[in-house]
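Heads up: the structure comes next, in structure tokens.
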Amino acid sequence: MSGLLAIDTLTGGYHDTNVVFDVSVQVAPGQVLGLFGRNGVGKTTLARLVQGGLRPATGDIRLGGRSVTGLAAYERRALGLGYMPQTGMVFDDMSVRDNLYLGENRCPPDAYFDRFPRLAERLDQKAGSMSGGERKILAFVRTMIEDTGLLVLDEPSEGVQPENIDHMADCLKERARDGAGIILIEQNMTFLTQVADSYLGLDAGRVCLRGDAGEVTDGQIKAALAI
Ligand SMILES: Nc1ncnc2c1ncn2[C@@H]1O[C@H](COP(=O)(O)OP(=O)(O)OP(=O)(O)O)[C@@H](O)[C@H]1O
């Protein structure tokens with residue numbers, strides 16, 4: 001597998017307390033890695049270690065063959081790493097239009113309005129006045145339109161209606177078909193299994209299950225979640 005992203009024996013967490021231990025995994029162009037596990041097992045922490053918001057205690061992260069372990073989040077962003085955090089991506093005081101159109105290195109969002117017409121209807125509305133699910137869709141589309149080769153998305157479907165989750169799945173599959181590597185953190189297993197072509201399960205910060213979609217069974221995923 002040619003590594004777009006290579007994570008090597010990564011350990012890290014908060015201050016002196018590590019919550020992710022010895023995680024190694026690779027993501028190739030076009031691959032969607034489904035990252036799952038119960039609440040509090042370290043999924044968001046792993047995502048933030050990859051994104052650069054947290055620095056690892058030990059281990060290495062390589063993007064396109066280059067070590068980015070010592071780089072700040074904005075430097076990783078400049079190298080093509082996109083990140084949709086679980087919360088806090090939308091600027092509540094700005095309009096939906098400004099959330100979508102302001103910023104550099106973006107494609108126009110218009111291509112997403114067929115799938116998510118609510119955004120087009122609410123362009124002049126403040127983002128903070130939208131529902132939680134609508135703000136998630138806004139954050140998702142902002143992430144999709146950025147010019148990035150690796151996307152890390154932390155529970156994008158939380159609070160989103162099933163029909164729009166299906167549209168999110170289609171968008172992610174298209175980005176992967178276009179060559180992006182994707183790490184998708186999800187509690188919604190229907191969504192995750194719809195999109196992921198490989199899985200990484202975490203328990204207590206350690207890898208408890210890994211494999212391609214053809215190898216890992218629903219039963220194994222359920223068992224990993226019920227550990
Ligand atoms: N800012 C922080 N400071 C200290 N500890 C934290 C911080 N954020 C998370 N933790 C701890 O790190 C551990 C892993 O949390 P993390 O948010 O990575 O889990 P998660 O698998 O993403 O959970 P969830 O599914 O609930 O989002 C938890 O024990 C949590 O309490």
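General remarks:
- Note that the stretch 106-199, at 25 °C in a medium of 0.890 mPa s, gets a Stokes-Einstein diffusion coefficient of 180 µm²/s from its Kirkwood radius over C-alpha pairs.
- Arranged from fewest to most other beta-carbon atoms within 10 Å of their beta carbon, 208, 171 become 208, 171.
- Amide proton proximity set for residue 19, modelled H, under 5 Å, gap of 5+: 12, 13, 14
- Sites matching GluC sites (Glu not before Pro) across the stretch 163-221 that sit in DSSP coil, with at most 13 neighbouring C-beta atoms within 10 Å: 215
- From phi via Karplus (6.51, -1.76, 1.60), per-residue ³J(HN,Hα) for the stretch 103-109 in Hz, x at Gly/Pro: x, 9, 6, 10, 8, x, x
- Remark: the stretch 19-24, residue by residue, has Karplus-estimated 3J(HN,Hα) of 10, 10, 10, 6, 7, 10 Hz, where x stands for each Gly or Pro and the curve is 6.51 cos²θ - 1.76 cosθ + 1.60 at θ = phi - 60°.
- Across 154, 93, 197, mean-square fluctuation computed from a Gaussian network of the chain (C-alpha pairs under 10 Å connected) peaks at 93.
- Sites matching GluC sites (Glu not before Pro) across the stretch 73-138 that sit in DSSP coil, with at most 10 neighbouring C-beta atoms within 10 Å: 104
- Amide hydrogen neighbours beyond the local backbone of residue 54, cut-off 5 Å, H modeled: 49
- Working value for the chain: equivalent-ellipsoid semi-axes of 28, 20, 17 Å, each the square root of 5 times a Cα gyration tensor eigenvalue, largest first.
- Mean-position separation - Cα centroids, the stretch 7-38 and the stretch 150-173, in angstrom: 21
No value in this document is a laboratory result; all are computed from the given coordinates. For clarity, every value in this text was computed on a predicted model and none was experimentally measured. Cβ sites come from the backbone with ideal geometry, for glycine too, and all protein chains shown count toward neighbours.
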